[in-house]
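Written out below as structure tokens is the structure these notes cover.
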Amino acid sequence: IEAGCDLAVRFDPKRSGGWGTVKGSTGQLLADAAAHFQAGNSIAIFPEGNRLGAYVDKTIEAGKHPTKLMPFKPPFFDCARKNGVPVVCVSMAGTDAVWPVKTLSMRPGKVTVHIHQPIDGAEFADDQAFCDHCREVVGKGYLDLIDSLGKTN
């Protein structure tokens, strides 16, 4: 990753416990992402937007979904589609032990990762369908990982 850099949204300390974004920063982030796509760079994102367990209502909503994941946010999927960039979904198990919810520091531990096949956004009717499909892929991969590791969700 020679051209690696951070694409960071700016957070407002007065919104959502310090995790709310500064108005307009997401648009700039997406413009920067598009420029990176056009330059041939890859980008890693976490499309849930926040951590499971950080918000009770979102955790309850995720618990009702078959994947146990919070809804993915579609703007990056839109950006990938518009720029003809495939999305490579990644499922991970063990991250909660390494970085517990409501803590700022990580601890040593084991994280198991499954990297899925690339998905072309052009195959979907719209960005929401693309986004929802990726949520299903990541969620099924996560559930398969915890099952193979003998863990429970």
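Read-outs throughout are calculated quantities, based only on the coordinates presented, and are distinct from any laboratory measurement. Quick caveat, the model's predicted, so the values are computed rather than measured. Cβ sites come from the backbone with ideal geometry, for glycine too, and all protein chains shown count toward neighbours.
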Give the lysines whose C-alpha is closer than 25 Å to that of K151, dropping any in the same chain fewer than 8 places away, or say none.
K58, K64, K68, K102, K110, K140
Starting from the Cα of K73, draw a straight line to each of the aspartates and glutamates and keep only those under 16 Å, dropping any in the same chain fewer than 8 residues away.
E48, E61, D126, D127, D132, E136
Under Karplus coefficients 6.51, -1.76 and 1.60, residue-wise ³J(HN,Hα) of segment 139-149 in Hz, glycine/proline x:
x, 5, x, 4, 4, 5, 4, 5, 5, 5, 8
What ranking, highest mean first, results for peptides 70-77, 31-38, 58-65, 103-110 when packing means the other Cβ atoms within 10 Å averaged over each residue?
70-77, 31-38, 58-65, 103-110
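Provide the gained length on full extension for the span E123 to K73, in nm with one decimal, where the gain is 0.36 nm per separating residue minus the Cα-Cα distance. The partial results should precede the final answer.
Values: separation 50, 0.36 × 50 = 18.00 nm, distance 1.84 nm.
This chain segment gains 16.2 nm when fully extended.
Suppose R0 equals 30 Å; then what is the FRET efficiency for Q38 and A97 from their Cβ-Cβ distance, rounded to the nearest 0.05? If you can, show how the numbers build up before the last one.
Numbers: r = 38 Å, r/R0 = 1.27.
Efficiency for this residue pair is about 0.20.
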